[in-house]
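Below is one structure, written out as structure tokens; the observations come after it.
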There are 2 protein chains.
Amino acid sequence: MKATIKDVAREAKVSISTVSYAINGKDRISEKTRQHVLKVAKKLNYVANGNAKLLKQKNTRAIGIFFNSWFGPIYSEIARGIEKAVHQAGYDLVACSLYGEENSTAYKYLRDRMVDGAIILTNSFDDEFLTSMASKELPLVVLDREIQSPHIYSILIDNFGGAFTATKAIVKSGVREVYFLGGPEDSYDNQKRLDGYIAALGFCGVPVNHDFILECDFTEEGAYRKMSALFDQGTIPDAIFSANDEMALGIYRAARERNLRIPKDIKVVGFDNIRESAVTTPPLTTISHQQFEMGISAAETLFHALKGNDDIEYIRIQPTKLIERESL
Amino acid sequence: MKATIKDVAREAKVSISTVSYAINGKDRISEKTRQHVLKVAKKLNYVANGNAKLLKQKNTRAIGIFFNSWFGPIYSEIARGIEKAVHQAGYDLVACSLYGEENSTAYKYLRDRMVDGAIILTNSFDDEFLTSMASKELPLVVLDREIQSPHIYSILIDNFGGAFTATKAIVKSGVREVYFLGGPEDSYDNQKRLDGYIAALGFCGVPVNHDFILECDFTEEGAYRKMSALFDQGTIPDAIFSANDEMALGIYRAARERNLRIPKDIKVVGFDNIRESAVTTPPLTTISHQQFEMGISAAETLFHALKGNDDIEYIRIQPTKLIERESL
DNA sequence: CTGAAAGCGCTTACAG
DNA sequence: CTGAAAGCGCTTACAG
């Protein structure tokens, strides 16, 4: 059985208070006593019970990172940034998924306040639940999503700006027939990216043609089908701005099957800079959001809130960058 | 401030025991009382303090998954499998990284026994530490690593079998000059994969040529450099078995720069089936280990151990499969 | 410098 | 069916 503070006290012939002081490095006891206690503790293989400690101390010194399901390639850089900042602050980071919904670990850990703060990478928690949970003692940071509520902070990708940059780059490369391959209409990201696309066309003096705006579903397979159909009816766009890289992969596959060359026959620009985009033939020109920095920013916002700062911006927008490769 | 059981008891005008019974659904109290208590609890927004609960109950009902750093694409499927099995068992799954080493969350959570069991996806914990932590109450499952110790179970990829299959497939395709591009010599995976390669050549009656065995470092960049040098000195292997997919990506890049065609000039087979391998040109033929099943297997092993079964195999080997694409 | 004691928020025999 | 009380393993005023 596991040794408790009592066992150590008995064995060391001191009181449990003394053991506690020794273990926690308080300077109230003599160095001699401390050393003695530490030796006994080591011998007994003693480690303090985390739950008892937390029960007294009230705070958990842990930050939760909650997401839908295990990280795809996109999330891992965000998580790395968060991890770095959280560690630096001396907190622990525990990741929980929402697999199982209301019975998921993420749900439970948030509801039971097993963490002092949380960073949320999913939209499976509904706004209402998050609003009801957030408090001064449990601030929340949501990524890529806007919730207007005290103690909830949003970090947003600059979807609009990224799409604007991508579309402008396409037009500058000399084409005027620029298609937009989008995600689901009700997707927040998609809406913003579409706005950026339209704004950039306007900016460049290219009229918007609504036939060029294709609705799809953000998946490789969906894009493959959509583009295959388009190609097979004889339409070969000069250029396509794909609202995410996954779909750009689908465009590539459909084009390759029909011997259409990228970028010669069709120029393609993506969004997200997923790992695959660097190794396609040709490598995909895309918009990168700075995941790592976004993670750092999320964690820092949280710690500011935890410190009680109340002049924190409720919304931060993370800049994007055009990654020029060979598909444009 | 957060409501406690006392607040609920006072407000509901019952004892705290009654509140506890009501909340936990024990059938010792009248339905009427229960409903009353539940209503008050809801009104007060009461949720039980997890730490206090755990302190009494002794076990955490949580499983830890510990890894080096945030999941690359390989790990996420394993995590998915683990998550599914853990959820099914009614446990929580918390993921912690080893970022920060001795001060990392993973280290702390294991040492402080914040979990009832753990699945370990890293070799940053040394064998000795794991051996000292493992017990009947805290069994451990290590992936892709062998530790001989009670209460520690290993789930291994069939590195040998996979390499054997890959190499045999290459020889069967009609070439006899098969190179091996390996990882670091002291890598466990690499050693087993090299053994499989050698065994397959022997099995097919092809003599082993030690000049064909190249040592590299499992990275894209390393492989790119190694192969560039090889090509530039005029050596163009008929075929290469790359001990992982990352390195196969480097081979592709070096070959592409020199207009060497795959598989016409060089056949390439990889190992791991990472996401990128499906979208290269041509798509990479590779060995897949069944990540998801491996995760399920890991979690199930853990729960068997937790239930006190003592006839569990200490080592399980996860089969591999040849994924035939177009690089062979 | 050290110890006896209260208390964190729960659960669970035990008594009635 | 309900309540008073012990106790889980700690921390931390308080007293000496």
Normalised Cα Rg of chain B, dividing by 2.2 N^0.38 Å with N its residue count, works out at 1.32
Using a 10 Å cut-off around each Cβ of peptide A:92-102, what is the average number of partner chain Cβ atoms that fall inside? 6
Taking the Cα centre of the protein assembly as shown as the origin and placing charges on Cβ (Lys, Arg +1; Asp, Glu -1), which of B:Thr60, A:Gly100, B:Ile78 is farthest toward the positive end of the dipole? B:Thr60
If you roll a 1.4 angstrom probe over the protein chains with everything in place, what fraction of the accessible area of chain B belongs to carbon and sulfur, to the nearest %? 48 percent
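What share of the DSSP beta bridges in chain B is antiparallel, in percent to the nearest 5?
Counting DSSP beta bridges with both partners in chain B, the antiparallel share is about 10 percent.
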Rounded, prolate or oblate (a/c below 1.5 giving rounded, otherwise prolate when a/b exceeds b/c) for region B:5-56 by Cα gyration tensor: oblate
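When the helices in chain B are scored as -39500 (n - 2.57) per DSSP H run of 4 or longer and the sum is shared across all residues, what 222 nm value do you end up with, to the nearest 500 deg cm²/dmol?
-13000 deg cm²/dmol
Between chains B and A, what is the buried accessible area summed over both chains (1.4 Å probe, protein heavy atoms, nearest 100 Å²)? Kindly include the intermediate steps, with their values, before the conclusion.
On the way: alone 17270 and 17270 Å², together 30050 Å².
Rounded to the nearest hundred, the buried surface is 4500 Å².
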Suppose all protein chains stay in the model; what accessible area per residue would a 1.4 Å probe give for the protein assembly as shown, in Å²? 46 Å²
Using a 7 Å offset from Cα along the direction of the beta-carbon, what are the separations from A:Val208 to the same position in each other copy, nm, ascending? 6.6
Most fluctuating residue of B:Ser297, B:Ser154, B:Ser228 in a GNM of chain B with Cα springs under 10 Å: which is it? B:Ser228
If a/c stays under 1.5 just call it rounded; otherwise compare a/b with b/c (prolate if a/b is bigger, oblate if not). Do that for the protein assembly as shown, with a ≥ b ≥ c from the square roots of the Cα gyration tensor eigenvalues. oblate
Looking only at lysines whose Cα falls under 28 Å of A:Lys192's and that sit 8 or more positions away or on another chain, we get A:Lys168, A:Lys172, A:Lys226, A:Lys267, A:Lys321
Using a 1.4 Å probe, how large is the accessible area of B:Ser135, given in Å² and rounded to the nearest 10? 30 Å²
Work out the count of Lys pairs in region A:5-56 where the Cα-Cα distance is under 22 Å, with the pair 8 or more places apart or on different chains. 22
Defining the label point at 7 Å along Cα→Cβ, can you sort the distances from A:Ala3 to the same site in each other copy, shortest first, in nm? 4.3
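Give me a single rounded figure for A:103-113: the average over its residues of other chain Cβ atoms within 10 Å of their Cβ.
On the way: counts 3, 4, 11, 3, 0, 5, 4, 0, 3, 6, 5.
Counting Cβ atoms of other protein chains within 10 Å of each residue's Cβ and averaging gives 4.
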Position A:Gly234, label points 7 Å along Cα→Cβ, spacing to each other copy in nm (shortest first, one decimal): 5.6
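How big is the charge dipole of region B:149-217 about its Cα centre, in debye rounded to the nearest 20, if each Lys and Arg gets +1 on its Cβ and each Asp and Glu gets -1 on its Cβ? Provide the component values of the computation, followed by the final result.
Numbers: 5 positive and 9 negative charges, 87 e Å.
So the dipole magnitude of region B:149-217 works out to roughly 420 debye.
Only Lys, Arg, Asp and Glu count, each charged at its Cβ (+1, +1, -1, -1), so figure out the dipole size of the protein assembly as shown about its Cα centre, rounded to 20 debye. Working shown, then result.
Details: 80 positive and 86 negative charges, 601 e Å.
Dipole size: approximately 2880 debye.
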If I build a Gaussian network model for chain A, linking alpha-carbon pairs within less than 10 angstrom, which residue out of A:Arg261, A:Arg111, A:Arg34 has the largest mean-square fluctuation? A:Arg34
Quick one: which bits of region B:20-68 get at least 40 Å² less accessible when the partner protein chains are in, versus the chain alone, with a 1.4 Å probe? B:Val47, B:Asn51, B:Leu55
Hey, got the dipole for chain B? About the Cα centre, +1 on K and R Cβ, -1 on D and E Cβ, debye to the nearest 20? 2340 debye
Hey, can you list the residues from region B:269-304 whose accessible area shrinks by 30 Å² or more with all protein chains present, relative to the chain by itself (probe 1.4 Å, no ligands or nucleic acids)? B:Arg275, B:Glu276, B:Val279, B:Thr281
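How would region B:171-328 be classified by its alpha-carbon gyration tensor: rounded, prolate or oblate, with rounded meaning a/c under 1.5 and the a/b versus b/c comparison settling the rest?
Details: a/c = 2.26, a/b = 1.90, b/c = 1.19.
Prolate shape, in that a/c is at least 1.5 and a/b is the bigger ratio.
The values are calculated or read from the model by the stated rules, or taken from the named source; none is laboratory data. It should be emphasised that the depicted structure is a prediction, and the values quoted were computed from it without experimental measurement. Here the Cβ is made from the backbone with ideal geometry for all residues, glycine too, and neighbour counts use every protein chain on show. Just so you know, the surface numbers come from the protein's heavy atoms only, side chains and all, with ligands and any DNA or RNA stripped out. Shrake-Rupley method; radii C 1.70, N 1.55, O 1.52, S 1.80 Å.
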